[in-house]
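Asker: What follows is a structure written as structure tokens; I'll ask about it next.
The values are calculated or read from the model by the stated rules, or taken from the named source; none is laboratory data. Keep in mind that what you see is a predicted model, and the values were worked out from it rather than measured. Neighbour counts run over all protein chains shown; Cβ positions are idealised from the backbone, glycine included. The protein model used for the area step is the full one, side chains on, heavy atoms only, and it has no ligands, DNA or RNA in it. Shrake-Rupley method; radii C 1.70, N 1.55, O 1.52, S 1.80 Å.
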Amino acid sequence: MSIQSSPHTDVLIVGAGLSGICAAYYVQIRCPTRSYAILECRDTIGGTWDLFRYPGVRSDSDMHTLGYSFRPWRGLKSMADGPSILRYIEETAQEYGIDHRIRFGYRVQRAAWSSAEARWSVDAIRMSDGAPARFTCSFLFMCTGYYDYAQGYTPDWPDLDLFRGLVIHPQRWPTDLDYAGKRIIVIGSGATAVTLAPALAERAAHVTILQRSPTYVVALPAEDPVMRRFYQKLPPRIAYHLSRWWSIGVGVYFYTLARRQPDATRRNILTQIQAHLGPDFDVETHFNPHYNPWDQRLCVAPDGDLFRAIKSGRIAMVTGQIERFTETGIRLVSGTELNADIIVTATGLVLKLMGGAQIVVDGTPVDPGKTLTYRGAMFSDVPNLALAFGYTNASWTLKCELIAQYVCRLLNYMEKHGYARCTPRRPNTLLSAQPAVTLTSGYIQRALDVIPRQGERDPWKAHQNYLRDLLSLRFGRLNDGSMEFARLGQLQAHAVRGVR
């Protein structure tokens, strides 16, 4: 089958979700002389917010920071539902004409860099018929998220096939499922379980959350009272920016406090949960993890919805190990049997960087797990490629927007000086390296071999701090001694010498 070729573009963005639309906006506005296109493997805009359709799907980040700074989120509701976020992304793409730059239905499989040509050759398949396609670009911007869209993670439980009811992973939720009056077990303790269970409990006969180990859950108001006062007293645009910075500041403060005073933070969280659930509820068993706050992400219950459902009896919390599945439900190691009509496996994601595409530089495959992250945006010794990867302790968009702005600064600097290639060069001396993402969550631990590493100092250290990244990515020097620039003539001359 012949390969379909497309015109060369200066910047090729892969992914039309929250970060991909953000990247396209900044390239369009700040690099007006650069052509760009977007490849999206699905048939629609939205990424995560189009993929997940389970009941109650929502953001656990404040929308003043999950939304774009260039298109303020309208409304006081801090944690919006999934359909509202999807509409926001779609409307943003339409407002700026970005939707006309998207090539839907193309899955990127391989991207190969040629120094002699100073360009990427990106091989994809057309999802409708499997036809191969090739795109070329000068700069490749990967905005593919961080997990496998094809499947979520499900452990290998004994006798799962014996269960006579329905087993569902939230990543593949049936749109026509009628669960009214059903007994449901939600296996998991992360954000999906905490989000899904209260929504299911509104119509189900009963919901049980079955967790192997607890997670920290914090009740936050769906509408921040401080932000509400901003909007009541000030013009909308000023109120928005103040609300955004309030959210950023509060997030940085409490994360820093939790890391410096973990025991006090733990006690405060558990005290608040006990107040919601009453003195007789066993908070120590069901909400006191063995790890410190922010070793894994904290879960959020807007207006304490999870705790209200537990207190009313609509949700039961069970903490224990699964021995096996039965025809009617699950048997625990303790001997307890849980019966259900539907079992939801909210057991996590499968981490996949860059959509699983193979990256090749001058004929040599790149192993991302052996690279160093550069400013949390690029990879050591990989030219002209950036990855939009957000924060684990704050809104995803905050970091992705900084990375998009940095890429535009970099592109404009290269154009001004006539450079065709920019490459972060790995330092010869590195004291130590650890994964760039240090959470102890299962989906991170299962993927440690594919996560880039980080060094002990800038620009090779990945910060989980917006203010530090703001200084580095928006105001830091571009030609900082670690980034190597080269003109096309230099690259071609080097290639000729290599052939000889």
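Asker: Starting from the stretch 453-464, take each residue that is crowded, with 21+ Cβ neighbours inside 10 Å and list its partners that are modelled with pLDDT of 85 or more and of a type in the set (D, E, K, R), counting only C-beta distances under 7 angstrom and pairs at least six apart or across chains.
Answerer: Gln454/Lys461; Gly455/Lys461; Pro459/Arg375; Pro459/Asp480
Asker: Return the total of residues in the stretch 74-94 being open to solvent by 60 Å² or more (accessible area, probe 1.4 Å) and either of a type in the set (Gly, Ala, Ser) or touching a strand residue (DSSP E or B) at 6+ places or on another chain (Cβ under 9 Å) (or both).
Answerer: Total satisfying the criteria: 1.
Asker: Now for a different question. Give the residue that is farthest from Tyr68 (Cα to Cα), with candidates limited to residues of the stretch 401-447 that are in contact with a helix residue (DSSP H, G or I) (Cβ under 7 Å, 6 or more places away or on another chain) and part of a loop (DSSP other than H, G, I, E, B).
Answerer: So, considering only residues that are in contact with a helix residue (DSSP H, G or I) (Cβ under 7 Å, 6 or more places away or on another chain) and part of a loop (DSSP other than H, G, I, E, B), the one farthest from Tyr68 (Cα to Cα) is Ala420.
Asker: When only residues in the stretch 201-213 that are in contact with a Pro (Cβ under 9 Å, 6 or more places away or on another chain) and under 22 Å from Ile322 (Cα atoms) count, which is most open to solvent (accessible area, probe 1.4 Å)?
Answerer: Selected residue: Ser213.
Asker: Confirm whether Val350 is among the aliphatic types (A, V, I, L, M) and open to solvent by 20 Å² or more (accessible area, probe 1.4 Å).
Answerer: yes
Asker: Please go through the stretch 471-493 and give me each residue that is modelled with pLDDT of 90 or more, part of a helix (DSSP H, G or I) and open to solvent by less than 20 Å² (accessible area, probe 1.4 Å), ordered by number.
Answerer: The answer is Leu473, and nothing else.
Asker: Which residues, counting only those in the stretch 391-417, are touching a residue at least 24 places away in the same chain (Cβ under 8 Å) and open to solvent by 40 Å² or more (accessible area, probe 1.4 Å)?
Answerer: Scanning the stretch 391-417 gives Trp396, Arg409, Asn412, Tyr413, Glu415, His417.
Asker: Same structure again: Give the number of residues within the stretch 64-91 that are aliphatic (A, V, I, L, M) and at pLDDT 90 or above.
Answerer: Going through the stretch 64-91 one residue at a time, the tally reaches 4.
Asker: Scan the stretch 214-253 for residues that are exposed (fewer than 14 other Cβ atoms within 10 Å of the Cβ) and assigned to a loop (DSSP other than H, G, I, E, B) and jot them down.
Answerer: Pro235
Asker: Could you pull out every one of the strands (runs of 3 or more DSSP E) wholly within the stretch 301-400 that has 3 or more residues that are closer than 30 Å to Gln454 by Cβ?
Answerer: Strands (runs of 3 or more DSSP E) meeting the threshold: 358-361, 385-387.
Asker: Can you tell me which residue within the stretch 28-49, out of those that are assigned to a helix (DSSP H, G or I) and in contact with a helix residue (DSSP H, G or I) (Cβ under 6 Å, 6 or more places away or on another chain), is nearest to Glu91 (Cα to Cα)?
Answerer: Selected residue: Trp49.
Asker: Only one of these is touching a His at 6+ places or on another chain (Cβ under 7 Å), among the small types (Gly, Ala, Ser), in a loop (DSSP other than H, G, I, E, B) and more than 30 Å from Gln490 (Cα to Cα): Gly152, Gly145, Gly181, Gly130. Name it.
Answerer: Gly152
Asker: Here's a follow-up. Can you spot a residue in the stretch 53-61 that is over 15 Å from Gly145 (Cα atoms), open to solvent by 10 Å² or more (accessible area, probe 1.4 Å) and of a type in the set (Phe, Trp, Tyr)?
Answerer: yes
Asker: So, in the stretch 157-194, exactly how many residues are open to solvent by less than 20 Å² (accessible area, probe 1.4 Å), touching a helix residue (DSSP H, G or I) at 6+ places or on another chain (Cβ under 6 Å) and either at pLDDT 95 or above or among the β-branched types (Val, Ile, Thr) (or both)?
Answerer: 3
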